[in-house]
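The structure under discussion appears below in the form of structure tokens.
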Amino acid sequence: MEPSSEEEYETFIEKVERTIYLDNISNQVTEAVLKTALDQFATVKNVQFIPTYFNSCTIYAALVEMETAKQAQEIVKEISDSPFMISGMPRPVRAQKAKIEMFDDRPKMRREKIVCYWMDPSHPNFDVAKKLKNLTKKHAVEASFLMEKQMEEEEKLHNQQEVSLKANFKKYELIDSAQGDGTFRRLGARYGSNYNDF
């Protein structure tokens, strides 16, 4: 692949500046759901779901391109300040500004040159490379552990919301049945109150 021109790279940088990264999205969230949730604050141009390698398959992330960089900043601030609502339920979604490395279709700069080679154990930087490798493994284990804990917290939140939703639904059913079978009118007659408005 030929290196991209400077103009192409500048256009890409502008796209990065108006894109946000949403993490910790449920696998039930679709592009339409995300657009509906974010369109109340700004105009969504594009949604791209990306894999999260350290997480379980039930959690996703997305790159959401907004119309302007200012809108992207406002969305990040809004999600940081208040819960992100999906279908009337708050979800622990995290938002941050997108970074160049998050895009797999990013253009290459002309001056970029990556060189890889096997390092001999006698090389002076071999110990540094080994430490970096071990540190990366440790980070992956820590990230996985933290994600498991976060998933447990989210499961508790989900269960609490489900119990609350069912309890409220039962209350509404009880009120509806009391209104339908004439219990409100009988109670009104008994206590001398007018319940016709209910």
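The values are calculated or read from the model by the stated rules, or taken from the named source; none is laboratory data. In this text the structure is predicted, and so the values were computed from the model without any measurement. So basically every Cβ, Gly included, is an ideal-geometry build from the backbone, and we count neighbours across all protein chains shown.
I need every pair where a residue in the stretch 133-148 that is within 18 Å of N24 (Cβ to Cβ) and of a type in the set (F, W, Y) has its Cβ under 7 Å from the Cβ of a residue that is surrounded by fewer than 10 Cβ atoms within 10 Å (Cβ to Cβ) and at pLDDT 90 or above, sequence separation at least 6 or different chains.
none
Taking the condition surrounded by fewer than 10 Cβ atoms within 10 Å (Cβ to Cβ) and either modelled with pLDDT under 85 or assigned to a helix (DSSP H, G or I) (or both), does D197 pass?
When the stated conditions are applied, D197 passes them.
Return the pair list, or none, for Cβ contacts closer than 6 Å from residues in the stretch 1-27 that are surrounded by fewer than 12 Cβ atoms within 10 Å (Cβ to Cβ) to residues that are part of a strand (DSSP E or B) and modelled with pLDDT under 90, at least 6 apart or on different chains.
Cβ pairs passing all conditions: N27/Y60.
Exactly one condition in (1) over 30 Å from P92 (Cβ atoms); (2) in a helix (DSSP H, G or I); (3) small (G, A, S) is false for A140; which is it?
(1) is the only condition that A140 fails.
Could you list all residues from the stretch 173-187 that are assigned to a helix (DSSP H, G or I) and surrounded by 10 or more Cβ atoms within 10 Å (Cβ to Cβ)?
E173, L174, I175, D176, S177, A178, Q179, T183, F184, R185, R186, L187
Any residue in the stretch 109-120 that is over 29 Å from T11 (Cα atoms) sitting within a Cβ distance under 9 Å of a residue that is at pLDDT 80 or above and of a type in the set (A, V, I, L, M)? List the pairs, counting only those 6 or more apart or interchain.
M119/A129
Considering every residue within the stretch 110-126, establish whether at least one is surrounded by 10 or more Cβ atoms within 10 Å (Cβ to Cβ) and assigned to a helix (DSSP H, G or I).
yes
Being loosely packed, with under 12 Cβ neighbours inside 10 Å and of a type in the set (K, R) is the filter here, so list the residues in the stretch 127-163 that pass it.
Selection gives K131, K133, K137, K138, K149, K156.
Counting just the residues of the stretch 1-42 that are over 20 Å from K99 (Cα atoms) and among the β-branched types (V, I, T), which one comes out modelled with the lowest pLDDT?
The selected residue is V29.
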